[in-house]
Each structure stands twice: as C-alpha cells, then as structure tokens.
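A short worksheet on the structure shown next.
The values are calculated or read from the model by the stated rules, or taken from the named source; none is laboratory data. Just so it is clear, the structure is predicted and the values come from calculations on it, not from any experiment. Here the Cβ positions follow ideal geometry from the backbone for every residue, glycine too, while neighbour counts run over all protein chains shown. With ligands, DNA and RNA removed, areas are computed over all heavy atoms of the protein, side chains included. Shrake-Rupley method; radii C 1.70, N 1.55, O 1.52, S 1.80 Å.
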Amino acid sequence: MQQRLLLTLLIFILALSGIAPMAVSNFAQADNGEVSATGSTVNIRSGPGLSSEVIGSMKQGDTAQEISRSGDWIEIRQGNTQGWVASWLVASGEAASSTAQIAVSSVDSLNIRAQASLSAAVLSKMNAGEQAVVIATHGDWTKVQYRNVQGFVSTQYISMNEQQQESNATEDQTETKAQALEQLSSFRIAVDALNVRAEPSLNAKIQGSVKKGQVFAVQGMEGNWVELALSENETGWVYAFYGELSDQPAPQQADTATETPAETDTVTVLTSGTNLRAQASTSAEVVSRVDAGTHLSVSAKQGEWYLVTLENNEQAYIADWVVSTESTSEASASEQPEAVRQAGTLNGLTIVLDPGHGGNDGGAVGVRNTNEKDLTLKTAEILSHHLRSAGAEVVMTRQSDVYVDLRKRVAESHRVAADAFVSIHYDATDDSSVSGFTSYYQHPYQQQLAEHINGGLAGKITLEDRGARPGNYLILRDNRQAAVLIELGFLSNFNEERIVSSDQFREQASLGLYNGIISYFDAQLTQ
C-alpha cells in the first residue's frame, strides 16, 4: 500500500516537472517585444479588424507587450487588457539604439502626409534622392522626420539605409531641428481658404484668412502650427496640415485685394454659361453670362480673377479657372514636340485624374457609412503611381480632402490639354439590390476611352459589368478632352460596399483602370 502511494506521488511530481517548463517556454515564445503608440489615440480591439469591438485604448507614447501578429494587426497585452491594434498606428521597439534608419525617396514629389492614409493632408514633398529619418514603419506606410516635418510616406517609394548615431543624440537632434527650421523657407496654402490666428491654437483670435496658392515666408513652427510672415510687420499662425512646407524662398507677396497688371491681354472662355461678376468673388452679383469660345479683353488681375471688358465697355470679373490664355493655347499647339512613344508606355502623355467629391461634398454614403470621397482619392492615388511608372505626367484635381468646383476640374483638363481625363466615383441608388461598375462618356470622342477602360476593369474586378454607356454629367458634357466617368460599384449595396471598401479591391480596380488606359493609347499607335 505504501509502495503504491509512493509510486503515485512520484508520477505526480514527474508530471509537474514536465508541465511547468512547457508552460514557461510557451509564454516566452509568445512575447515578441514592445510596441508603442504613435497615433494620438490607438484603439485596442477584441479581434484583428476594424469591425471588432473596441475594448480599450492607448495614448501616444504608451507601450504594450507584443504577443502575436495577423496581417496588419498586432496582438498586445497592456496591463490587464489583451487585444489587437493596427500595426500602422504603433511602432515596434526592435530598432537598435546605435543606428538610425534613413529613408531615401525613389521618386520626385513623394507626398509626406499627416496620417497613414491617402486621404490625409499633404504636409510636404520629397524629391528623388532626398533623405528623411525613419521614426517607425507600419506596413505600407513609414513615419519619417523630414526637415522639421513629421509625417507618413508610402513605403514602396523609398529605400532604407542605416546611419550611425552619435552618443550625444539629444544634442544632435536639437541641432538638426534648428538647422531644419532654417531650411524651411516657405509655406504654400493648399486649401481654398485658411484662417490665420494670432497664436498657435484653435482657440486663438482669427486675424484674417489666406487663399489657395499663396506662398508665405516661414517665421517658426510650434507642433503642427506654422508661423507665417503675412507682411513686413505682421505674422500669424496656420495649421500645417493645410499646406506644404518648402526650402524654396517665398516670392514677395502682392496685395491680393489690389488689382495688378495681368499676364495676358486676352482670355478665352472655356464653358458656355460662364458667369461674369461685379466683384472678384463667387458670391458677388452675376452681371452677365458668356459662352464657350468668347474672347475677352483683360485689363487687370485680382487674385484668381481677371478684370475684363465687355462689348458695352462695362467691366466685370471672371475666374481664372474657367478661361484659358490664347498665348498658352498657341504655344501648346505649335511648340510642343510630338512625343515618341512605344506600346505599353505613356511617355509624353498628360492624364488628369479626378477623385470625385471632397471637402463638404462627401458624395455617396454606404450602408456601413463608407464615404465615397475617401475611396475615390485612395483609388486615384494608387492609379497615379501606376501611370507615372509608365511615363505619364499625372495631374490630380485634388490631393487631399478639399472641395473642388466641377467647372474648375474641367478647366484643369483644358488647361493642361489632357490626353485623357478620368473621373473616379463610387455609385449609390435607392434600390439596394443594384450592383456593378459602369463607364460613362458623353461625346463621341470620349466613347473609345470609356470602352477601353471598361474592358480593363472587366479583366481585373469581379463586379457585374454594366458596360460603357452615355452619361449626361457636367464633367463630361463640358470637357473638350477625351474624358470618362467611372462608377466603381454601389455603396448602397451592402455586400458590394464591403468589397469595394477593401484595399485589395482598390488595388485591382486601379490595375484595371491602368490596363484600360494603356489599351486605349496602344490602339492609337496602330490607327
């Protein structure tokens, strides 16, 4: 009896000694280091996806233990909370303290954005060969310090190098920041109107406003605020997300309220029914209307408006985005050499991409609250990279979440004499059962582009093909260039909204659009 008891006790002890090391070993394998929050607030979710329940949050700088990974999601443990966070909102603690990673831009005009999103505001740009210090990498996005700007760049357009850090890193960072600030010479306004405040705070007094395209000398920075030299004796603060910092000096500011000599003697109206106004403002009284092709004599320029003389010798104002200058048109027709292009390339071609909606015009809203304006910009950004890689010059009608008037979008197509104009949209209707993608055109000279693009999409996405068909849209109706309006699926259809709001769909749709554009221009080579 005692022997049996001793034998049972011995087996139990051996079992315990075998189990305990196994448990310790498994726990050690599960902990993969630390992550720290880089976003202002990072949600901790019950599962690896945006649809999972939020069970906690981390503030910027908070750390947590990494347990495992699933795609773009990291499982973490913070205190008594265990859940999942998005990898693009946290930084891994694996970087060696003795070296710093340097991001080198592989392309010109690489956007540095305020957030890891194609819809985020552009803070600055890097040209090919320029360097920035890497702060953290989040899958498709890399957070960098470029001069005095912190923001996100697309990982696929940079290469990584390592640089040894000195032991007195804090002093070096301070010195580098000071040097970077000295290099920041100017700030270009990127939105239609931006408030200027007396202090770097949203609660500060508004001193006035500045307009899109204006460039001011930089006096200093504090956080996300930039101090601008408004005049010789006046400065003010603006939010950095609504413009672009540059090391180029600011031109001497002209008083935008004062009429200045115009650069041209005559302008040509681009669209019928264009308004002529009593003052240089879209809210001013309409004094007359003119049709496309009308030539108007220019006497002065005020901001974005021309002061023109009418047949009865009265004067009125017309916006510069609804006219073209004859000198520009003649130069583009007579001096522009014809580009030599091979099949499969877009060398020498100018393509305007028009991400639909933006700003206070959100477009369609899906059943799951997806905003059309966000999807159109993300899709256009991906497509622009493909087109530039093929040699095209790409012009975007908007690069952030701003409102752009439809006539101004058409005017941009005319201004650059676009070889193709592609307006990107996502559809919606009262009938939630309707689905599919559609390619619209208005004029006969637009039909071929629509058919080629529709065919390219059909080869890459699995939605129902609704074909290329006529559509009476202003963006097509008033466009003298080869133009198409694409509706990439219905946000009003629950299942289709889930498909089109995914990263994979946008990649495939962009490839389809790209293939269609290549096919259209290749067909012209054989005609």
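Key figures for this structure:
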{"read-out": "Subset of the range 471-484 (residues that are open to solvent by 10 Å² or more (accessible area, probe 1.4 Å) and closer than 7 Å to residue 440 by Cβ)", "value": "473"}
{"read-out": "Given (1) touching a helix residue (DSSP H, G or I) at 6+ places or on another chain (Cβ under 8 Å); (2) outside any helix (DSSP H, G or I), index of the condition residue 404 fails", "value": "(1)"}
{"read-out": "Pick from the range 457-504, criterion within 24 Å of the chain's Cα centre (by Cα) and among the small types (Gly, Ala, Ser), ranking: nearest to residue 407 (Cα to Cα)", "value": "483"}
{"read-out": "Conditions (1) under 26 Å from residue 479 (Cβ atoms); (2) more than 31 Å from the chain's Cα centre (by Cα); (3) of a type in the set (S, T, N, Q); number of the one not met by residue 309", "value": "(1)"}
{"read-out": "Check on residue 453, part of a loop (DSSP other than H, G, I, E, B) and surrounded by 18 or more Cβ atoms within 10 Å (Cβ to Cβ)", "value": "no"}
{"read-out": "Breaking point among (1) out of contact with any helix residue (DSSP H, G or I) (no Cβ under 6 Å at 6 or more places or on another chain); (2) touching a residue at least 24 places away in the same chain (Cβ under 8 Å), for residue 309", "value": "(2)"}
{"read-out": "Matching option when the condition is surrounded by fewer than 17 Cβ atoms within 10 Å (Cβ to Cβ) and of a type in the set (Phe, Trp, Tyr), among 445, 440, 426", "value": "445"}
{"read-out": "Residue in the range 500-516 that is open to solvent by 20 Å² or more (accessible area, probe 1.4 Å), in contact (Cβ under 8 Å) with a residue 24 or more places away in the chain, polar (S, T, N, Q) and touching a Ser or Thr at 6+ places or on another chain (Cβ under 7 Å) present", "value": "yes"}
{"read-out": "Output for the range 359-397, where each listed residue is over 19 Å from residue 416 (Cβ atoms) and of a type in the set (Gly, Ala, Ser)", "value": "359, 362, 363, 364, 366, 389"}
{"read-out": "Enumeration of residues in the range 198-219 that are open to solvent by less than 40 Å² (accessible area, probe 1.4 Å), under 11 Å from residue 187 (Cβ atoms) and of a type outside the set (A, V, I, L, M, F, W, C)", "value": "214"}
{"read-out": "Breaking point among (1) open to solvent by less than 30 Å² (accessible area, probe 1.4 Å); (2) at pLDDT 75 or above, for residue 75", "value": "(1)"}
{"read-out": "Evaluation of residue 509 against (1) part of a loop (DSSP other than H, G, I, E, B); (2) touching a strand residue (DSSP E or B) at 6+ places or on another chain (Cβ under 7 Å); (3) closer than 15 Å to residue 425 by Cα (one fails), failing number", "value": "(1)"}
{"read-out": "Contacts under 7 angstrom Cβ, first residue in the range 281-304 being in contact (Cβ under 8 Å) with a residue 60 or more places away in the chain, partner basic (Lys, Arg) and surrounded by fewer than 14 Cβ atoms within 10 Å (Cβ to Cβ), 6 or more apart", "value": "303/211"}
{"read-out": "Within the range 124-139, considering residues that are assigned to a strand (DSSP E or B) and open to solvent by 10 Å² or more (accessible area, probe 1.4 Å), the one farthest from residue 225 (Cα to Cα)", "value": "137"}
{"read-out": "Among (1) modelled with pLDDT of 80 or more; (2) under 29 Å from residue 288 (Cβ atoms), the one test that residue 346 misses", "value": "(2)"}
{"read-out": "Residues that are touching a Leu at 6+ places or on another chain (Cβ under 6 Å) and either part of a loop (DSSP other than H, G, I, E, B) or more than 29 Å from residue 465 (Cα to Cα) (or both), drawn from the range 411-437", "value": "411, 414, 419, 428, 436"}
{"read-out": "Qualifying positions in the range 245-278 - outside any loop (DSSP other than H, G, I, E, B), modelled with pLDDT of 75 or more and open to solvent by 30 Å² or more (accessible area, probe 1.4 Å)", "value": "266, 275, 277"}
{"read-out": "Unique residue being surrounded by 21 or more Cβ atoms within 10 Å (Cβ to Cβ) and in contact (Cβ under 8 Å) with a residue 40 or more places away in the chain when the list is 405, 419", "value": "419"}
{"read-out": "Residue list for the range 388-410, filter: out of contact with any Leu (no Cβ under 6 Å at 6 or more places or on another chain) and more than 20 Å from residue 189 (Cβ to Cβ)", "value": "388, 389, 393, 407, 410"}
{"read-out": "Among the residues listed as 518, 461, 499, the single one being closer than 20 Å to residue 395 by Cβ and not small (Gly, Ala, Ser)", "value": "518"}
